[in-house]
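Here's the structure we're looking at; comments come further down.
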Amino acid sequence: MVLFVGLGNPGSQYEETRHNIGFKVIDKLVNNFEARDISKTTFHGHLYRSNNLFFLKPTTYMNLSGKSVLIVKQFFKIELDTTIVIHDDIDLPFGALRFKKSGGHGGHNGLKSIDAVLGKEYIRVRIGVGKPEHSTQVADYVLHDFSKEESEDLDALVNYVAKACNALLNETLIYVKSNYSLKSIEGLK
């Protein structure tokens, strides 16, 4: 069994923000796999299933994401090494894509929360959203919508990340890293 977790914040006011790109990828995967909604209030998130694949969008807000992930992981007895977390990363330029297993949280509150309850041995799909000019602007930056230019490339990026996530089901992490990583959105053009 594989659990894909997309990080984001619930609510329409956050839908188009940089912080919610993980939710967008989960929506795409749910659509691609024709997964059915199996959500329960006890899961603290929207959960979808297609055979042995699970797709989770925690509704706990970013800084409590681990609560939802832990409950779903325990309920369905999903191993940590088959848990894949998809999230925004301000340390990467817009459209960059990286994959890694374990590592630090880089100040990302969703990862901090997951690390605190699960440990760090899960796979991370890091999607670059760019960085604000000043470090004091991070919270405001990730909670703002993508720029007009970025929005034009967003569908292509989300489709590509979903394709890479699909590859993680059949290929090694090393293979996916070398065949799907992007330095920036220019890699898709």
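Coordinate-derived values only; no laboratory data. Quick caveat: nothing in here was measured; it's all calculated off a predicted structure. Reconstructed Cβ throughout: ideal geometry from the backbone, glycine too, with neighbour counts over all protein chains shown.
Using the structure shown, decide if GLY107 is surrounded by 18 or more Cβ atoms within 10 Å (Cβ to Cβ) and not hydrophobic (A, V, I, L, M, F, W, C). When the stated conditions are applied, GLY107 does not pass them. Of the residues in the range 9-18, at least one is surrounded by 14 or more Cβ atoms within 10 Å (Cβ to Cβ), outside any loop (DSSP other than H, G, I, E, B), of a type outside the set (S, T, N, Q) and under 12 Å from the mean Cα position of the chain (by Cα). Taken across the range 131-150, residues that are in contact (Cβ under 8 Å) with a residue 12 or more places away in the chain, within 26 Å of THR82 (Cβ to Cβ), in contact with a Lys or Arg (Cβ under 8 Å, 6 or more places away or on another chain) and surrounded by 13 or more Cβ atoms within 10 Å (Cβ to Cβ) do not occur at all. Residues in the range 67-96 that are surrounded by fewer than 21 Cβ atoms within 10 Å (Cβ to Cβ) and assigned to a helix (DSSP H, G or I): LYS67, LEU70, ILE71, GLN74, PHE75, LEU80, ASP81, THR82.
Applying a threshold of 9 Å to beta carbon distances and a minimum spacing of six or more residues, or different chains, the list of pairs starting in the range 41-61 at a residue that is touching a residue at least 60 places away in the same chain (Cβ under 8 Å) and ending at one that is assigned to a helix (DSSP H, G or I) and not hydroxyl-bearing (Ser, Thr, Tyr) reads LEU53/LEU29.
Output the residue which, of all residues in the range 19-50 that are more than 24 Å from LEU97 (Cβ to Cβ) and of a type in the set (Val, Ile, Thr), is surrounded by the most Cβ atoms within 10 Å (Cβ to Cβ). Only one residue fits best here, namely ILE38.
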